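To start, the structure itself, in structure tokens.
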Amino acid sequence: MGFSTDAVHAGQEHEKVTGAVITPIFQTSTYAQSGPGEHTGYEYGRTQNPTREALEKNVATLESAAHGIAFSSGLAATSTIAQLFEKGDHIVATENVYGGTYRFFTQVMGKFGLQMSWVDTSAVEQVVAALRPETRMVFIETPTNPLLVLSDIRAIADVCRERGILLAVDNTFLSPYFQRPLELGADISMHSMTKYLNGHSDVVGGIVLTNNDEVAEKLRYLQNAVGAVPSPFDAWLVLRATKTLALRMQAHGRNAQKIAEYLTERDDIEQVIYPGLPSHPQYELAQRQHLTPYEEFGSGGMVTFIVESFERARTILQKMRLFTLAESLGGVESLVCHPASMTHASVPKEMREKIGLTDGLIRLSVGVEDADDLIEDLRQAMQG
Ligand code: P1T
């Protein structure tokens, strides 16, 4: 089936009792048993929920995955992946990841003896150089938040497979519409569902996808044993949203491409970063790795640009009207963010400087409004 057909139908059989076309919200914490230990397959709300299962099957299908395991946030998904490992195990990760991911691995998992190496995973040789006998996983974010640096999923997957190391990809920024890491050899793909999968800025959620039965079994066990599950209502909201994922991603990508091109024409901006621009250092990789021809639908909905100083950035951010200054991304409404003081404030300044996350860097989450209105908002905010 095509992507949009799967998005509308996968995991969503008509409800058995009434024939309801839309998967109901099974808002229950528990299920009646006919005798001790005799049940329908549903025992307790943390362990099983039909609305959550429908969502898991739906997103798994969109990512070409056999298994989907949903969580109460993107970070809950990341932390459950981390709990696959033990004290002394080593993980190689992309040095520029979402600030909360960096904080989680360094501040929280560090206490439990997980060893981290943060490297520029856009250079495969840096990944290889960081590997140790105790390395168990390479964790990459591509494109990165907020610098939009790409890593070559297929090349890193080859390195990992040869050595029996798991490759996990945070696919939040592109969604399965633009990128499907498992098809490129990754073992695990994960999302903050808070972003494009839900797309309406009204749910916090996460999901992990895999074709590895052993990993899936462990994650399913941890989902129940650790317990960071989404509510049935949140699962239902995301299930409703994935039906329009392709349409939304096309609109995000088209608008983002136009905005990136508009910003490139301005001479008062130091740098515009967007994987659909020929000036992007990994433009060629973007064309290979991202699924939709950029000429038509761009290369995702995130655009980053850098101005000369924090003062100028602050003036622009305060003057924007249609773009709301807020954390998060991937919703139908456009948002603007100042990562150094907001989403990546928990990343130490030296690390921010090393990766080029300067105080003049502005991140746009381009929504699905009319591109002309968004461009006009940027124009008036940058005037004078
Ligand atoms: O916020 P949560 O659903 O827990 O997801 C964490 C997360 C994981 N991975 C990526 C790439 C992310 O961007 C995020 C969350 N990011 C933001 C809130 C943000 O504004 O960048």
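Does Glu15 satisfy the criteria of being modelled with pLDDT under 95 and open to solvent by less than 80 Å² (accessible area, probe 1.4 Å)? Before you say what the answer is, go through the steps one by one.
On the way: modelled with pLDDT under 95: yes; open to solvent by less than 80 Å² (accessible area, probe 1.4 Å): yes.
The answer is yes for Glu15.
Only one of Ile140, Ile91 is within 22 Å of Lys354 (Cβ to Cβ), in contact with a Ser or Thr (Cβ under 6 Å, 6 or more places away or on another chain) and aliphatic (A, V, I, L, M); which?
Values: Ile91 fails: in contact with a Ser or Thr (Cβ under 6 Å, 6 or more places away or on another chain).
Every option except Ile140 fails the conditions.
Return yes when Gln115 is assigned by TED's automatic domain parsing to the domain that holds Pro24, crowded, with 17+ Cβ neighbours inside 10 Å, modelled with pLDDT of 95 or more and more than 16 Å from the ligand (Cβ to nearest atom) and no when it is not.
yes
Can you pull out the residues in segment 149-164 that are within 16 Å of the ligand (Cβ to nearest atom) and touching a residue at least 60 places away in the same chain (Cβ under 8 Å)? Show your work before the answer.
Start the filter on segment 149-164 by keeping residues that are within 16 Å of the ligand (Cβ to nearest atom), which leaves 149-151, 153.
Answer for segment 149-164, where residues must be within 16 Å of the ligand (Cβ to nearest atom) and touching a residue at least 60 places away in the same chain (Cβ under 8 Å): Val149, Leu150, Ile153.
When you scan segment 230-247, do you find a residue that is open to solvent by less than 20 Å² (accessible area, probe 1.4 Å) and basic (Lys, Arg), even just one?
No, every residue in segment 230-247 fails to be open to solvent by less than 20 Å² (accessible area, probe 1.4 Å) and basic (Lys, Arg).
State all residues of segment 58-74 that are buried (at least 21 other Cβ atoms within 10 Å of the Cβ) and either in a helix (DSSP H, G or I) or of a type in the set (A, V, I, L, M, F, W, C) (or both); if no residue qualifies, say none.
Asn58, Val59, Ala60, Thr61, Leu62, Ala65, Ile69, Ala70, Phe71, Gly74
For Val8, which of the numbered conditions (1) closer than 12 Å to Leu239 by Cβ; (2) surrounded by fewer than 17 Cβ atoms within 10 Å (Cβ to Cβ); (3) touching a Pro at 6+ places or on another chain (Cβ under 6 Å) fails to hold?
(3)
Look through Thr47, Thr40, Thr30, Thr51 and report the one residue that is over 25 Å from Pro143 (Cβ atoms), out of contact with any Asp or Glu (no Cβ under 8 Å at 6 or more places or on another chain) and free of Cβ contacts under 8 Å to residues at least 24 places away in the same chain. Before you say what the answer is, go through the steps one by one.
Working: Thr47 fails: free of Cβ contacts under 8 Å to residues at least 24 places away in the same chain; Thr30 fails: out of contact with any Asp or Glu (no Cβ under 8 Å at 6 or more places or on another chain); Thr51 fails: free of Cβ contacts under 8 Å to residues at least 24 places away in the same chain.
So the residue among Thr47, Thr40, Thr30, Thr51 that is over 25 Å from Pro143 (Cβ atoms), out of contact with any Asp or Glu (no Cβ under 8 Å at 6 or more places or on another chain) and free of Cβ contacts under 8 Å to residues at least 24 places away in the same chain is Thr40.
Just to verify a result, which residue in segment 174-216, among those that are away from the ligand (no atom under 12 Å from the Cβ), closer than 18 Å to Phe85 by Cβ and not hydroxyl-bearing (Ser, Thr, Tyr), is farthest from the chain's Cα centre (by Cα)?
Glu214
Quick one: Lys87 ticks every box in (1) within 16 Å of the ligand (Cβ to nearest atom); (2) farther than 30 Å from Pro232 by Cα except a single one, so which number is it?
Going through the list (1) within 16 Å of the ligand (Cβ to nearest atom); (2) farther than 30 Å from Pro232 by Cα, Lys87 breaks only (1).
Mind checking which pairs have a first residue in segment 135-148 that is among the hydroxyl-bearing types (Ser, Thr, Tyr) and away from the ligand (no atom under 12 Å from the Cβ) and a second that is assigned to a strand (DSSP E or B) and open to solvent by 10 Å² or more (accessible area, probe 1.4 Å), Cβ under 9 Å, 6 or more apart or different chains?
Thr135/Gln115; Thr135/Ser117
Here is a list of conditions, (1) of a type outside the set (S, T, N, Q); (2) away from the ligand (no atom under 11 Å from the Cβ); (3) in contact (Cβ under 8 Å) with a residue 12 or more places away in the chain, and Asp170 meets all of them except one; can you say which number that is?
Only one criterion is unmet by Asp170, namely (2).
Identify, by number, the condition in (1) more than 29 Å from Val203 (Cβ to Cβ); (2) assigned by TED's automatic domain parsing to the domain that holds Ile69 that Gln271 doesn't meet.
So Gln271 meets the others, but not (2).
The values are calculated or read from the model by the stated rules, or taken from the named source; none is laboratory data. Remember, it's a predicted structure, so these values are computed and weren't measured experimentally. All Cβ positions, even for glycine, are placed from backbone atoms using ideal geometry, and neighbour counts span all protein chains on display. Surface areas here come from the heavy atoms of the whole protein model, side chains and all, with no ligands, DNA or RNA. Shrake-Rupley method; radii C 1.70, N 1.55, O 1.52, S 1.80 Å.
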